[in-house]
1. Could you go through region 44-57 in sequence order and give the Karplus-derived ³J(HN,Hα) for each residue, using 6.51 cos²θ - 1.76 cosθ + 1.60 with θ = phi - 60°, rounded to whole Hz, and x for Gly and Pro?
2. Can you give the local net charge around Val20? Use residues other than it whose beta-carbon is closer than 15 angstrom to its beta-carbon, Lys and Arg +1, Asp and Glu -1.
Amino acid sequence: MAKKPKRVVCTACNLGQDQVLKQTFLGFYTFQCEECGEKVQYPLSATYVAIYALSILSLFGLFFGRGACGVLAVGGVVALALDVGIRRRVKAAEAHERTRGEVIAETFE
Ligand SMILES: [Zn+2]
């Protein structure tokens, strides 16, 4: 089943576009900008944030637990830290979203 395209904004060139997002190993969404070719990352879904937050909490609960729990918790810390940065970039791009041709039009004013 094909995924539906989602409205996204490139964090490099701020172009708004419809893209089918891919998901990375850690759960981030990515797409390649149709104009500048930049590989753009989008933040985690609420489900992933909840899973990572829980895995971090479980680490504290187990007092630096063992094996799988420890790995999950480390992954959770890394993912949530990355997510903060990605969220900030996407917010900035969305605030400056432009459509194709807009930049050229401005230079002729
Ligand atoms: Zn771009």
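Values quoted throughout were computed directly from the atomic coordinates according to the rules given, and no laboratory measurement underlies them. Because the structure is a prediction, the values reported are computed rather than measured. Glycine also receives a Cβ, built like all others from the backbone with ideal geometry; neighbour counts cover every protein chain displayed.
1. Calculated HN-Hα couplings, in order: 5, 6, 4, 4, 5, 4, 5, 4, 5, 4, 5, 5, 5, 4 Hz.
2. +4
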